Structures are given as C-alpha cells and as structure tokens.
Amino acid sequence: MMVCVLHTWETEMDYLLQQLLNGVTIGAVYASLGLALVLIYRTTNIANFAQGEMATFSAFLTWQLTQWGVPIVLSILIVIVISAIIGAVVYAILVRPVQYKDEMTIIIVTLGLFLAFNSTTGAIWGYMQKTSPTPFPDVVWMMGNVRVSAELVSFILVLVAISFGLFLLFQKTRLGNALRAAASNAQSAQLVGIPYTKMMILGWGMAAGLGAVSGALVSSRLSLDPNMMADVIIYGFASAVIGGMSSYVGVVVGGLIVGVSKSMTIAFLPALGADLQIMVPLVLIVAVLIVKPEGLFGKTVAARV
Amino acid sequence: MKVLDVKNLEAGYGRIKVLHGISLSVDEGAVSVLLGANGAGKTTTLRAISGLVKSKGNILLDGKEMSGMRADVIARSGVAHAAEGRGTFTDLTVEENLRVGAFRRTDKKEIALDMEQMYELFPRLLERRHQKAGNLSGGEQQMLAVGRALMLRPRVLLLDEPSLGLAPVIVNGLFATLSRINKELGTTMLIVEQNANLALEIATYAYVLESGKISLEGPAQEIAAHDGVRAAYLGD
Amino acid sequence: MNANVNMALGNSRWTPAMKGVAWLAAAIVLIGLPLVVPGYLTFQLSGVMAYAVAAIGLNLITGYVGLISLGHNAFFALGAYTAALSIVYFNVHYITSVFLAAIVSFVVGYLAGFPAQRLRGLYLALITLVLAVSVAPVIKHFKDVTGGMPGMVLERPTPPEWTGLTRDAWIYYMVLMFAVICFYLAKNFVAGSTGRALTAIRLAPLAASSMGVNVNGYKVLIFGLGSMMAGIGGALFNFSLGFVGPDSYTLMLSVSFLAAVVVGGIGTIWGALIAGMFLQFIPTYASEISEALAGAVYGGILIACMFFMPKGIAGTWIERRQQRLKAKDE
C-alpha cells in the first residue's frame, strides 16, 4: 500500500513538472514575439498589430529557402536580415507618414498591414499546412521521469540571448541611448543631432528581424500555415502588457506566466473544457491590467506638470 | 567674427506668418539677448535657426548657409538649442541625458572631460546623476538641458526662456552659471528672455522683437538704459 | 458633431424650407427603395442598416469618447444570440427580441465599461481584444444551448398578409424603423452639452474632470450605450440573415467595425451609415478584385484611407464644407 501511495505522489509531481516545462516552452514562444512588440513600442511608441503576420511571412520565407536547398539555420539567418529590411521599408513608406497622427489612425494602419501581410502570405504560398524543418536537434533528456527536450532548452537559450542582447544594446551602447532618446522626445533628439527617422527605421528593422526569430520558433513547433501567428500575437501582447511594455525582463516573465497558466489550466482544470481553457490566460491578463494597469514591471512615471 | 548671422528671416506656422524679415547676429564669444513680449516671435526665431521650423532668408553659421537643412544636421554643424520647456529625455538618467548630447562626437577622452566639467558647473546634477530626468525639479531640468546642449561643444548655444517657471533664487544661480560658462568656456550664446533684467546683465548686445520685427537693437547697457525698454520689459 | 452638419448645411444657402424638403425626399427614397430595387439588394440594404446601428455604437465609444474598443463583435454577438435564444426557446416575438437584446447588451456593456475608467489607449484595446476572442470559445462551450459550432437557424420575420410585401421588403422596413429610432436617439444624445462633455473627455480628460464633468460616469454610460447599439444591430442582423453561428462574430468583425467607423468618419453619426455600407459591400468587392488577395485589398483600402482621408468620408466632407464656408466669409 505504501509503495502505491508513494508512486502516485511521484507521478503527480512529475506531471506537474512536465506541465510546468510545457508551459515554459510555449511561454518562451509568446515572449519572443512579445520582445519584438516591446522593441517597436519602446523605440517608436507604436504598438504594431501586424508584428505576428510579418513574423509568419518570415517563417514562410524561411521554408521557401529550405525548399530551394538552403540549410535551415542559414535560411533563418538570411531571413532575419531580409525581414529587417522589409520592416525598415514598411516603416519608411507606410508608417512614417502617419506616425504623428492620433493613436486611432496608427492602429488602423497597423491593422491594415495585418490584413495585407496575412493575405499576401496566403496568396503566395496557399493555405495548405506545411512542415518546416526544425533547427533544433531532436533530442530529449530525462530528468527523473520528466522529459526535457532540446527544443525547450534551445528556446530558453535563444530567449535569454535576445533579452540580454537587447539589454546590452539599450543600456550600454551609444546607439541604444540614442534610440531611447528618440523615443522619449523626438524634437530634443533631433536637437542633439540624432537622425530621428533613421532611428525609427532601425527600430522597425530590428523588431522585424526579431519577429523572424519568433516565427522560426513557432513554426518549429506547429505546422506552418498563414494563420499560425493569429493566436500568438494575442498572447504576445499579453506577455508584453503583463510585463509592462517597458522592460525586456518583464516580457520574458510575462510570457512565462501566460504560458505556464495555459498549460496548468489544461492539465488541472479539464472540467472547463478545451474552449474555456484558452480563456484562462486571457482572463489573467485582464485581472493584471485591472489591478496594476502599468504591468508587473512597469513604472508609472509621474508627469511633472 | 560673426558666429551666427541671420538675415531677413521670415518664418511662420502654416498660413500664419510670425517673423517678417528679421536680422540679427552674434559675435564669437559674445552673448546676445533677444527680448520681446509673449507672441512676439522669439521662440519662432530660435526654432527657425535650429531648423525645427521652415523659414526663408539666410542663416549663416561661421559663414556657411544653414537654412533649409534638417534639424539634426544643423545640430551636428554646431547649433545647440535648449528649447522651451527644457525638453529633457525624461526616461533617461541624468548621466544618459548628458552623454547623448555627445552622440555625434567621437573623441572619447574629451567627452569624459566634458562630462566632468558639466558636473563641476552643475553640482546638483552630480548628486542626481543616476536618477531619471523626469524626476528632477524644474530648475534641475533646466540645468540638465543646458548641460546637454554644451556636450555638443556647439559653436553657438540657443537658450529659450531659461528662467521660465523657475524661482528667482534658482534663476539667479542659473544666469551666474551661464555667465561663467561664457567667460570660462568662451561659449557664444543667443538667449531669448522675457525676464530681461538678468539677461541684459550678462549680455553684450541686445535686440527687441515686436510683432515679428526687430524694433530696437544695440549694446546691452544702452538697451537696458532705454526708457521704453525699461517700461515694457524691466518693470520700471 | 451633428451640430457641424447643421452648421455646414445651416450656414449655407439652405433655408429651413429647403432642408425640410431634403429630409422628405430622403424619406421617400428610403421608403420607396424596396419597391423599385431587386430583392437581393433590399436584403443587402437591411444588412447595411443593421451594421450601421452597431457602427453608431462604436462611434460613440471610440469616436466621441476616444476609447479604443476591439471587442465590439462581442456585443454584436451578444445581441444576436440573446435575440435568437429568446425566439427559439421562449417564442418571443422578433420585435421584442430586439428590445431584449438591447437591455442585455446595455447591462453587460455598462459593466464592461468599468475597466475603461482606469485604462487608456493600448491597454484598453488589449482588454477589449480579450473580449473579442472570447466570443467563439464561450459560444462553443455552451453548445447545448447555443447550438455550438454549427450555429442555429432562425425563422426570419414573415410579412403580414395585408401588406402584400415580399419577405425581404418587410424585413427591410422593420430594420429601417429601428435604425431610424437609433439614429434619432444617438443624434439627440450627442447634441448639445452631452456631446461637448464627451468631446472634452476625449481631448482633455483632466481638464474635463476639473470642470465637474463626471468623466468616469460618462465612460461607463457610453460603453453601455455603445454596446447596446451593437446588440441591437446584432439582433437586427438576425432578421435578414436568419442564422447565428460563432464564425460570424470573429475578431475580424471587430477589426472591420473599427475600420468601417474610421473610414466612415469618426465622431459623426452619418459616418455610421457609410460604415454600414463599408461592412456590407467591401469584403465582397475586395474578393472581386482579387480572390486571393482580398485581405490585402481590404488592408490597402484602410491604409489609403488613413493617408488621404484620416477623418473618414463623412468627417472630411464636413471639414471641406466648413472650409469652403469660412473662405466665403473672408
């Protein structure tokens, strides 16, 4: 009897851990897109609703390159560069003319971009699902009874590398300071010689490149289809908002919270049914926003009038 | 030797014309003051010089034509404009604000020396060097704005109503420091002010702007002694 | 904002008598339309008006008060399902179903407005986004009641014998009646001091509250009213469509509402009519231009509109008229 009891406990603990790890894996995916969103927001003060669709486009480009025989890792790197260029061009032509207008206009333009990118992806590659080769080794390690995949470890590593890189860029480099200055006060930035438009182009380019990474992560988990980022973008925004839209660490934590809450709900609240389970992380977002509107890591800056 | 030479400057916002052809200049190492009531066009003048506002006419910096250029290009050429409302980067720390003023410079050692000098000129900024600029008081933000402008090692420093919204004791200290900056660093300045008293004390030359035209100009002491000016701007 | 329309029309050469004639002519056209126009078009026009009513609601929330709501589809769906369920399970008359939809949508919208008091801009947009994507899961979860994924078919209103009208025409008149009432209510609501209070809240909330405007009170009220309009629109749409199903109320619909309202003209009641037309006809138009790239065409239209007519069609029209009148005065 004793043995049976111990065994049950052990399995449940393992199950918990497993779900936790699953949650961390998905959470990393959400955080990756969230990072791109926060990057654009911090450098250009724009919330780009089209970020996910641009990432999908990048993922398809990557797939296309592999179809032409380019190895997967090289494809991803090439596409990151191409995506950055696309992001820069999109900003220069379509966003710059309206960037000083009111929030509504900007949101509509980004929604328009959402539709345009989504539709173009579908038009070029069709709506049949494809499998994308994964850059991650198909290895699984066992820690006790818990499966830890190389995929999970890679995701975490990529996430940590990106966050750390962004932190270094923005806090420790001259360019980073200039980007933050440009976002903080466009006029003053110009008055110290910062070429404002070039900074914005850089911001959008980098975010698009980041989006490409996110697309690569997502497509390695799910099959590739034009609507694959449609959910992710919401959770991506959720991660960013919970984190506070102003902190890269915050986004990562936010993503993990969203991911883990999702997997825990699926694991331990089956009574809710598949449909409502999706809503739990969303309700969580709402709760956080109501209690602490500036996000967990955000700071309310007192405006000195 | 004129560092800044403005001739027949016309500028405005859309269909509203504010400046109707003004001319002014600042010699090397001198302090010129532009006086005028609200709405006379003082701020517009500075904004036209630094390129924030489109204008017609000539704006010469060390003899080179600047008018029509983009604001950041003009800044790089040596025009530092501390705009109205301070314009500090509220999300950046004091130190980062100062450092970003040197964005276009590549001489690392000199930049470090200049930073030290700024802290020496403005000890309050040294105390608060790692605080976000948004948390500073009005006077401290003004000091920061001036310090950041100086980090450009500009050919000319444009100051827009530095005394605005500050307590008299702070303003006194500020102008004393401005005078010191001019004397020790030799910085050429064009100061726009409503508070004429202090400005005229540290100035060499003065202009009076009324409804977009220069109505009076001359050496600072003469202008300060002028009855009309005393009545309108010096509270006599 | 209708003060502006009146100003635009009123300061011009239009005398009150001419205005009266214009309204009468418009009334005749609206009423006579189904009798001359093919049935299919009448059917679509009912859709236009149902959408327009919902668009008025979004215009109140987003256009007047400046609160960005991406969750309008949720209230449209709420109204549609309330009406549908009441008809199917309680044998309620279809006209009554609209009132029920209005009440339920108002209450839920009012409650949903409370978070709006604390959140601005992007954060509010995100919460409403959560609302938007919650519609399908909730409908599917309670599938025993709602019919789940496949949806429910409804019996469309039948015209009484004595009118001799076709079904499409009868539905058109029912919808028209409600639409006119809603238009009238909305116009009067935003006329005068209420409208000014709302605009003040949008442009300068701090100043408004320091002048005694109950900013939070208005925000919740507007959410309630706007959602009520959406619910009414949803119930009205049932008349013509005769079907409710989760696929009709996706996030895409919310985006479309927002886009349509902006294209029609933020902050104008007339813009809602243009919005209704936009919602009914553009998706088909876009697929006609290019089947595969329908979304891109749609997106392109949105972006082009923001570039060239940021105030929307109605807003730009009013602006141009005012400029012409001003030029005449000078």
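List residues of the stretch B:119-134, by number, whose backbone nitrogen lies under 11 Å from a label position 7 Å along Cα→C-beta of B:ARG180. From the stretch B:119-134, the list is B:119-124. Over every Cα atom in the stretch C:49-88, the radius of gyration and the widest Cα-Cα span, Dmax, amount to 11.7, 37 Å.
Our compactness index for the stretch C:26-106, the C-alpha radius of gyration over the empirical 2.2 N^0.38 Å, is 1.31.
Rg of the Cα atoms in the stretch A:3-113, relative to 2.2 N^0.38 Å, amounts to 1.56. Projected onto its three principal axes, the C-alpha set of the stretch C:45-163 covers 52, 34, 23 Å, listed from the longest axis down.
Between the listed residues A:THR131, A:ASN145, A:PRO71, the Cα displaced farthest toward the positive end of the dipole of chain A, a dipole computed from Cβ unit charges relative to the Cα centre, is found at A:PRO71.
Please work out the Kirkwood hydrodynamic radius for the stretch C:154-211, using every pair of different C-alpha atoms, and report it in angstroms with one decimal place. With all distinct Cα pairs of the stretch C:154-211 included, I get 14.6 Å. Extending 7 Å from the Cα toward the beta-carbon at both C:ALA327 and A:ARG174 defines two label points whose distance is 5.1 nm. 3J(HN,Hα) along the stretch A:33-50: 6, x, 4, 4, 5, 5, 4, 5, 5, 6, 8, 10, 6, 10, 8, 8, 5, 8 Hz, from the Karplus curve 6.51 cos²θ - 1.76 cosθ + 1.60 with θ = phi - 60°, whole Hz, x for Gly and Pro.
Note on B:103-114: average number of Cβ atoms from other chains within 10 Å of each residue's Cβ is 2.
Placing a label point 7 Å from the Cα of A:VAL291 along the Cα-to-Cβ direction, the residues of the stretch A:239-257 with a backbone N closer than 18 Å are A:239-245, A:250-251, A:253-257. Over chain A, DSSP H runs of length four or greater, each weighted -39,500 (n - 2.57), average out per residue to a 222 nm ellipticity of -25000 deg cm²/dmol. With the alpha-carbon atoms of the stretch B:122-217 aligned to their principal axes, the span from lowest to highest coordinate is 45, 27, 22 Å, starting with the largest. With each label modelled as a point 7 angstrom along the Cα→C-beta vector, the A:LEU16-C:THR96 pair spans 5.4 nm. Translational diffusion of the stretch C:175-330 was estimated from the Stokes-Einstein equation, with Rh taken as the Kirkwood radius over Cα pairs; at 10 °C and 1.306 mPa s the coefficient is 89 µm²/s. Across the stretch C:160-176, computed HN-Hα scalar couplings (Karplus, 6.51 cos²θ - 1.76 cosθ + 1.60, θ = phi - 60°) run x, 3, 5, 7, x, 8, 6, 4, 4, 5, 4, 4, 3, 5, 4, 5, 4 Hz from first to last residue, x flagging Gly and Pro. Within a straight-line Cα-Cα reach of under 15 Å, B:LYS213 can be paired with the following aspartates and glutamates, leaving aside sequence neighbours fewer than 8 residues apart in one chain: B:GLU10. Derived from the Cα gyration tensor, the three semi-axes of the equivalent ellipsoid of the stretch B:1-134 are 30, 18, 14 Å, largest first. Across the stretch B:185-236, Cα-Cα distances exceeding 13 Å account for 58% of all pairs.
Placing +1 on each Lys and Arg Cβ and -1 on each Asp and Glu Cβ, with no other charges, gives the stretch C:228-325 a dipole about its Cα centre of roughly 500 debye.
Could you compute the net charge surrounding B:ASN182? Neighbours are other residues with a C-beta less than 13 Å from the C-beta of B:ASN182; K and R count +1, D and E count -1. Surrounding charge for B:ASN182 is -2. Taking the number of Cβ atoms within 10 Å of each Cβ as an exposure proxy, the fewest-first ranking of A:ILE285, C:ILE95 is C:ILE95, A:ILE285. Taking only the Cα atoms of the stretch C:123-190, the radius of gyration and Dmax are 18.4, 54 Å. Computed from the C-beta positions of B:GLU65 and B:THR204 and an R0 of 25 Å, the FRET efficiency is 0.50 to the nearest 0.05.
The Cβ shell under 12 Å around B:ASN97 holds other residues with a net charge of +3, Lys and Arg each +1, Asp and Glu each -1. Dividing the alpha-carbon radius of gyration of chain C by the rule-of-thumb value 2.2 N^0.38 Å gives 1.00. Around the Cα centre of the protein assembly as shown, unit charges on the Cβ atoms of Lys, Arg, Asp and Glu (plus for the first two, minus for the last two) sum to a dipole of about 1120 debye. For chain A, what ratio Rg/Rh do Cα atoms give with a Kirkwood hydrodynamic radius? Rg divided by Rh gives 1.00. Peptide A:163-174 has a mean of 1 when you count, residue by residue, the C-beta atoms of other protein chains within 10 Å of its C-beta.
Dipole orientation for the protein assembly as shown: of the candidates B:ASN195, B:GLY57, C:PHE99, B:GLY57 has the Cα lying most toward the positive pole (charges on Cβ; Lys, Arg +1; Asp, Glu -1). Listed by chain and number, the aspartates and glutamates placed with their C-alpha closer than 12 angstrom to that of A:LYS198 are B:ASP72; residues fewer than eight positions away on the same chain are left out.
Considering only C:PRO150, C:GLY231, C:ASN216, and ranking their Cα positions along the charge dipole of chain C that arises from unit charges at the beta-carbon of Lys, Arg, Asp and Glu, the one farthest toward the positive end is C:ASN216.
Taking the fewest neighbouring Cβ atoms within 10 Å as the starting point, the ordered list for B:HIS130, B:HIS20, C:HIS72 is B:HIS130, B:HIS20, C:HIS72. R0 = 30 Å: FRET efficiency of B:ALA37 with B:ALA167, Cβ-based, nearest 0.05? Result of the calculation: an efficiency of 0.85. Which entries of A:LYS172/B:LYS42; A:LYS101/C:LYS140; B:LYS109/B:LYS132; A:LYS262/A:LYS292; A:LYS101/C:LYS143; B:LYS64/C:LYS326 have Cα-Cα distances beyond 32 Å here? Exceeds cut-off: A:LYS172/B:LYS42; A:LYS101/C:LYS140; A:LYS101/C:LYS143; B:LYS64/C:LYS326. A Cβ-based charge dipole, computed about the Cα centre of chain A with Lys and Arg at +1 and Asp and Glu at -1, lands at about 1100 debye. When you count the other C-beta atoms within 10 angstrom of each residue and take the mean per peptide, C:75-84, B:32-41 line up highest first as C:75-84, B:32-41. Along its first, second and third principal axes, ordered by size, the stretch A:64-207 spans 58, 41, 29 Å in Cα coordinates. On the basis of the beta-carbon distance and an R0 of 35 Å, A:VAL81 and C:ALA304 show a calculated FRET efficiency of 0.75. Across the stretch C:184-194, rounded Karplus estimates of 3J(HN,Hα) from the backbone phi angles (6.51 cos²θ - 1.76 cosθ + 1.60, θ = phi - 60°) give 4, 4, 5, 4, 5, 5, 8, 6, x, 5, 5 Hz, Gly and Pro being marked x.
Helical runs (DSSP H, four residues minimum) scored at -39500 (n - 2.57) apiece and divided by the length of chain C put the mean residue ellipticity at 222 nm at -26000 deg cm²/dmol. As a proxy for reagent exposure, ranking C:MET174, A:MET128, B:MET69 by other Cβ atoms within 10 Å from fewest up yields A:MET128, B:MET69, C:MET174.
Positive contributions from Lys and Arg (+1) and negative ones from Asp and Glu (-1), summed over other residues with Cβ under 15 Å from the Cβ of A:THR134, come out at 0.
Between C:GLY242 and any residue 5 or more places off or on another chain, the built amide H atoms are never under 5 Å apart. Stokes-Einstein diffusion for the stretch C:101-158, with the hydrodynamic radius set to the Kirkwood value over Cα pairs and evaluated at 25 °C in a medium of 0.890 mPa s, equals 179 µm²/s. Size descriptors for chain B, from the alpha-carbon set: Rg then Dmax equal 17.0, 50 Å.
No lab work stands behind these numbers, since they all come straight from the coordinates. Here the structure is a predicted model, which means the values were calculated and not measured. Note that we place each Cβ from the backbone using ideal geometry, even for glycine, and neighbour counts take in every protein chain shown.
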